[in-house]
Amino acid sequence: MKIRYIIAGLVVLAFTACSDKFLQLDSHESLTTSNYFSSEADFKAAVNGIYTNVRQWFGPTTNVSTSPAILIGDMHSDNARYYFNPNYRAVVTPENIADFVPDNQRFSSYWTNFYVWISRSNQILGTIDAVDFNATSKNNLKGQALFFRAYSYWWIIRLYGKGVLHTDPVNTLDQTSLPLSDEAALKAQVIADAKEAATLLLDKATQQPGRVTSGSAYMLLADVYMWYKEWALAEAALKNIKGYSLVPNYANIFSTTNKNNSESIFEIQYSSSAATYASTFVYNHFPYPATAAQVAAWTGVSNPSALSEGEMLAVPTPELIAAYEPGDKRLDASITNVQDANGVKMPMCSKYLHPHATFRQCDDDFMVYRYAGALLYLAEALNEQGKPTEAVAYLNQVRNRAGLANTTATSQAEVRTAIEKERRVELAFEGSRWWDLVRTDKVQQVISAYGAKVKAAPQTYYFTTGQSPVPTAFTDFSTVFNLPDDEVLYNPNF
């Protein structure tokens, strides 16, 4: 029931935040956009509305969570944990996610976000052809809407395995309660949308920085093909990603003075200019408690405050730290060591730690897709087609940038292992590890062994003395999660 009213309400609310115009409803049963979408400027504002919601989802402003991409992709894996704070217990949900505790609604709250993106995209796609304006601009706007609709359904496939397939604007309340579509139908829609987006979007050289490009669409296609082990199709998509190159210095990829750089394929934009545009997730990577002086030293802010209510999240695991080879420049660029107000030392994710002026107003973007990930995907796609010699050429580009020698792997099995390890350290804290474990069928093998070590030595995994995981920790290795309870209870088609 909630999603019905969210989708219907978005017709009214989604775009008023991006324009001075206000949508008048003709009746309770008829939701029309005819008096809103009348110019190129209206559609630009509507597309901006999608980016606004995507930015809010990737970088929540709460004090008790990190970016959902990191929470799912790194904490819900063997890459990152939390530093248990017995004095602050408003963090049970991220703890349970990190500890693989059974939870029927583990990721149900994210469902609404994806349907906001879908609803906004459908309103654009369903009305844009009826308005006459510059064809290049129109195609670029359509391409962005298609990309985000595809990207939304891609999240739904991976998290839930099924969903409600909306491809048209919702005009009546009845249209909000459609039957569930299976994974195959959703996959077909994602591929169709991403393919069309790739033909309509501008390339990196001509697109406005921060917006998705034809390369973004090809990367999304490759992501889908890699998931389903369609190696030749993935290879073709990846070879269409053109106009990108590796940033010579790994640390500079994430610098706030080097945004939308040559390696960036899809980057979530933030700005420290205002609280509503800023990113904050690095503050959930700091230790708790921390003094104002410590915060000032870490961030450079002129108005620091002590950190007292919260828990340190995305703490690098010993396994992740050990995965870096000696001399790997990515280690110092990704992980640093800090201590809390009590003098307890711990590792910290530092990939998003850069100086900023105002407390809790960071300028750090979130990199969803970048060229190094495309190169490692291409290496994997080639290797899985029995071409390990071709594969290592792409693998070595990533290794050499990190200051490492060429891989010694030669056989298909050896190269496969080398690529898996390289993706882990190259893309740490970028939300990839969990999805790599799922698509390579390694969840049970890796997480069960990792969980056994956490339970056997909890203090090694950042529990305070006398504390340990709950008894049900590391017992739920589900790779597909339940739909939200309220949707199941109130949608008669579920």
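The values are calculated or read from the model by the stated rules, or taken from the named source; none is laboratory data. Since the model is a prediction, treat every value here as computed from it, not as a measurement. A quick note on method: Cβ atoms are made from the backbone with ideal geometry, for glycine too, and the neighbour counts reach across all protein chains shown. Just the protein is used for accessible areas: all its heavy atoms, side chains included, with ligands, DNA and RNA removed. Shrake-Rupley method; radii C 1.70, N 1.55, O 1.52, S 1.80 Å.
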Quiz item: Take the residues of the range 134-180 that are charged (D, E, K, R) and open to solvent by less than 40 Å² (accessible area, probe 1.4 Å): which is nearest to ARG211 (Cα to Cα)?
Solution: LYS142
Practice problem: Might you check whether a residue that is assigned to a loop (DSSP other than H, G, I, E, B), in contact with a helix residue (DSSP H, G or I) (Cβ under 7 Å, 6 or more places away or on another chain), in contact (Cβ under 8 Å) with a residue 40 or more places away in the chain and closer than 16 Å to GLU430 by Cβ occurs anywhere in the range 281-293? | Solution: no
Exercise. Evaluate the following for ARG330: is it in contact with a Pro (Cβ under 8 Å, 6 or more places away or on another chain), surrounded by 19 or more Cβ atoms within 10 Å (Cβ to Cβ), touching a residue at least 40 places away in the same chain (Cβ under 8 Å) and under 30 Å from LEU221 (Cβ atoms)?
Key: no
Quiz prompt | VAL301, sole failed condition from (1) assigned to a loop (DSSP other than H, G, I, E, B); (2) open to solvent by less than 20 Å² (accessible area, probe 1.4 Å); (3) at positive phi | solution = (3)
Quiz item: Does the range 387-399 hold any residues that are open to solvent by 30 Å² or more (accessible area, probe 1.4 Å) and among the charged types (D, E, K, R), and which are they?
Solution: LYS387, GLU390
Quiz item: Among the residues of the range 373-386, is there at least one that is over 20 Å from the mean Cα position of the chain (by Cα) and surrounded by fewer than 19 Cβ atoms within 10 Å (Cβ to Cβ)?
Solution: yes
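For the range 460-474, give me each residue that is loosely packed, with under 14 Cβ neighbours inside 10 Å and part of a loop (DSSP other than H, G, I, E, B). Full working, then the answer.
Quick first cut of the range 460-474, residues loosely packed, with under 14 Cβ neighbours inside 10 Å only: 460, 465-467, 470-472.
The answer is THR465, GLY466, GLN467, VAL470, PRO471, THR472.
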Exercise. State yes or no: is ASP441 among the acidic types (Asp, Glu) and assigned to a helix (DSSP H, G or I)?
Key: no
Quiz item: For the range 255-275, what are the residues that are within 24 Å of PHE147 (Cα to Cα) and open to solvent by 20 Å² or more (accessible area, probe 1.4 Å)?
Solution: LYS259, ASN260, SER262, GLN269, SER271
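I'd like to check something: does the range 137-158 contain any residue that is among the hydrophobic types (A, V, I, L, M, F, W, C), at pLDDT 95 or above and not in a helix (DSSP H, G or I)?
Taking the range 137-158 as the starting set, the residues that turn out to be among the hydrophobic types (A, V, I, L, M, F, W, C) are 141, 145-148, 150, 154-157.
Subsequent filtering for residues that are at pLDDT 95 or above retains 141, 145-148, 150, 154-157.
Subset that is not in a helix (DSSP H, G or I): none.
No, that holds for no residue.
Filter the range 198-227 down to the residues that are open to solvent by 60 Å² or more (accessible area, probe 1.4 Å), part of a loop (DSSP other than H, G, I, E, B) and either basic (Lys, Arg) or under 20 Å from TYR151 (Cα atoms) (or both) and list them by number. If you could, list the steps in order and put the result at the bottom.
Filtering the range 198-227 for residues open to solvent by 60 Å² or more (accessible area, probe 1.4 Å) gives 199, 203, 205-206, 208-209.
Narrowing the set further to residues that are part of a loop (DSSP other than H, G, I, E, B) leaves 203, 205-206, 208-209.
Answer for the range 198-227, where residues must be open to solvent by 60 Å² or more (accessible area, probe 1.4 Å), part of a loop (DSSP other than H, G, I, E, B) and either basic (Lys, Arg) or under 20 Å from TYR151 (Cα atoms) (or both): ASP203, GLN208, PRO209.
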Practice problem: Sort through GLY403, GLY431 and tell me the only one that's assigned to a loop (DSSP other than H, G, I, E, B), of a type outside the set (Lys, Arg), on the phi > 0 side of the Ramachandran plot and surrounded by fewer than 21 Cβ atoms within 10 Å (Cβ to Cβ). | Solution: GLY403
